[in-house]
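The values are calculated or read from the model by the stated rules, or taken from the named source; none is laboratory data. Note that the structure is a prediction, hence the values are computed from the model and not measured. Positions of Cβ are generated from backbone atoms using ideal geometry, with glycine treated the same way; all protein chains shown enter the neighbour counts. For accessibility, only protein heavy atoms count, side chains too; no ligands or nucleic acids. Shrake-Rupley method; radii C 1.70, N 1.55, O 1.52, S 1.80 Å.
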Amino acid sequence: MAERKSVNKYYPPDWRPEHGSVNKYHGQHPLRERARKLHLGILIIRFEMPFNVWCTGCGCHVGRGTRFNAEKKQAGSYFSTKIWEFSMKCRSCPNMMSIRTDPKNADYVCGDGCERKTETWDAKEFGTIDIVWNEEKSNDPLERLDHLVEDETKAKASHVLLSRLKTLQDSRSDTLSMNQLARDRFRIVKKQNAAEKEKNEARGIYLPLLPPSEQDRAAAQQVQFQSASKVTSADESAYRERLRLRSSSLFSPEHAIVKATATSTAVTLPLHPRAAASSSLGASTQRRRRSARRSTLSPSRSSSKGALTGVGGAMARRAADKKQRARDLLIANLKPGRHIAGGRARSTSV
């Protein structure tokens, strides 16, 4: 137990192997205080009361299962079996109680200082049926004849079932043939599973499938798939609108031509109105208009840059450049006949 519980013992520095065990070296018993009367043949153990008893000293009731530190000693023998006596002190008085073993009847008997409580069974008190076995009735020949007739009736009724069980048992008595039959069935099932697996892998299915049933066929026939040729006009218009939104840019008014992936046909989308108006003009005319508007909006751009110096001037120049780029982008998106004055777009009359 010591090695399983990992309990290490302390060995003093002056201990040597020739001294023996640690307990022998210290001059004490391994059971310590429990073996203080071992020289008298008495060992102190933990004893549990086997039945309910009354203490003869104080009349206190000691229930079954109450535990005591009892003194165990041999009080005799029954043939080659020892008779043990357990002595303990009452919990309510200094009276000593003793319990002895009875190997003859496989029981315990009360010794000095205690008396066993008599417990009888009353069927009426517990509300149960009292079953009484009458020995005189069991020796009656007529009673035995009635039981014999009942037993014969039961045997005849169960004869058919017993004969079937016996026939089944006899058919399986040859273990060699039963083993061969089981192995043959196993080989057949194994070949069927291998052929089914190869067939499924050829179709791209790598999981074991259950055999088809009528319910699966009925459920598969109720499933309807919509073909690509039966797309409604609403679906087509929604599809075109999604293509137009995906192809549009957030910064440029131009729209690209996108190929539809579902119908594998090229779909040409209309250009934005602003882009159509700007594309009708020549490239040189558009450049002249942009340069004229830029010069009108920022006439002193170079002079303001030269006046800004230092760290604060650099930050101011970056802010002015950022503002100018925003103005240029806004001018590029304006319709013809509009310009910016004071940060707002106004219409000009020709």
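Beta carbons closer than 6 Å, at least 6 apart along the sequence or on distinct chains, pair a first residue in segment 168-188 that is open to solvent by 100 Å² or more (accessible area, probe 1.4 Å) with a second that is among the aliphatic types (A, V, I, L, M) for ARG172/MET178.
Yes or no, residue by residue, for (1) in a helix (DSSP H, G or I); (2) touching a helix residue (DSSP H, G or I) at 6+ places or on another chain (Cβ under 8 Å):
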site: PHE86; (1), (2): no, no
site: PRO94; (1), (2): no, no
site: MET97; (1), (2): no, no
site: GLU119; (1), (2): no, no
site: GLU143; (1), (2): yes, yes
site: ASP151; (1), (2): yes, no
site: LYS154; (1), (2): yes, no
site: MET178; (1), (2): yes, no
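Of the residues making up segment 28-47, one or more are surrounded by fewer than 12 Cβ atoms within 10 Å (Cβ to Cβ) and within 30 Å of GLU119 (Cα to Cα).
When GLU119 is tested against (1) at pLDDT 90 or above; (2) open to solvent by 100 Å² or more (accessible area, probe 1.4 Å); (3) under 53 Å from the mean Cα position of the chain (by Cα), exactly one condition is not met: (1). Of the residues screened, TYR10 is not one that is modelled with pLDDT under 85 and surrounded by 12 or more Cβ atoms within 10 Å (Cβ to Cβ). Can you name the number of the only condition in (1) open to solvent by 90 Å² or more (accessible area, probe 1.4 Å); (2) part of a helix (DSSP H, G or I) that ALA195 fails? Checking ALA195 against (1) open to solvent by 90 Å² or more (accessible area, probe 1.4 Å); (2) part of a helix (DSSP H, G or I), the one that fails is (1).
When THR66 is tested against the conditions (1) free of Cβ contacts under 8 Å to residues at least 60 places away in the same chain; (2) open to solvent by 60 Å² or more (accessible area, probe 1.4 Å), the lone failure is (2).
Selection over segment 71-105 of residues that are of a type in the set (A, V, I, L, M, F, W, C), open to solvent by 90 Å² or more (accessible area, probe 1.4 Å) and more than 15 Å from TRP54 (Cα to Cα) gives a count of 1. Checked across segment 30-38, the condition of being part of a loop (DSSP other than H, G, I, E, B) and at pLDDT 90 or above holds for no residue.
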